[in-house]
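Worksheet for the structure shown next.
The values are calculated or read from the model by the stated rules, or taken from the named source; none is laboratory data. All of these numbers come straight from a predicted model, not from anything done at the bench. Positions of Cβ are backbone-derived with ideal geometry, glycine not excepted, and every protein chain shown enters the neighbour counts.
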Amino acid sequence: MELVVPLVLIFGTVLVLIINEKPNWIGIAILLPVILFVVHMFLTTKYTIEGDKLVIKCGFLYHKTIDINTIRRIAEKNNLLSSPATSLDRLEILYGKFDSVLISPRRKAEFINDIKRINPGIEVNLKKK
């Protein structure tokens, strides 16, 4: 959610400015597809567990399947790096030898429990609240 509000404010302000001044149709033609693309990415970002696989989808640009048995560690991160995450309150999944991905499931505790049921050997590092 903390990513949605700033994006709405930025895009909304720019769109209002473009429309309120002399309507700049080129600006509108560029901005509307960008807005639709961002909305599409937010609406289609999903993390699902299919058997012993974690499937991460983010729009039509990102699709990754991770074998849950290769996950070594899950840690909470507040990182601005580009990733298939719709929030800054993220989980970093370290898997394989050197691979990692940042995600932001809505119900982190439930998500972690579901993953740990498949691979109980995963190290979990959560920040103290």
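Within segment 63-73, is there a residue that is without any contact (Cβ under 8 Å) to a residue 24 or more places away in the chain and of a type in the set (A, V, I, L, M)?
Checking segment 63-73: not a single residue is without any contact (Cβ under 8 Å) to a residue 24 or more places away in the chain and of a type in the set (A, V, I, L, M).
Here K53, K22 are screened, and the one residue that is outside the structural domain of I115 (by TED's automatic domain parsing), charged (D, E, K, R) and modelled with pLDDT of 95 or more is K53. Would you say I56 is β-branched (V, I, T), surrounded by 15 or more Cβ atoms within 10 Å (Cβ to Cβ) and touching a helix residue (DSSP H, G or I) at 6+ places or on another chain (Cβ under 9 Å)? So I56 does not fit the description; no. Counting only strands (runs of 3 or more DSSP E) that sit completely within segment 1-100, those holding 3 or more residues that are over 14 Å from the mean Cα position of the chain (by Cα) and within 30 Å of R117 (Cβ to Cβ) correspond to 62-67, 71-77. Counting the residues of segment 101-129 that are not aromatic (F, W, Y) and not in a loop (DSSP other than H, G, I, E, B) gives 16.
Pick from segment 82-129 the residues that are of a type in the set (S, T, N, Q) and within 25 Å of L61 (Cβ to Cβ): which of them is surrounded by the fewest Cβ atoms within 10 Å (Cβ to Cβ)? Result: S82.
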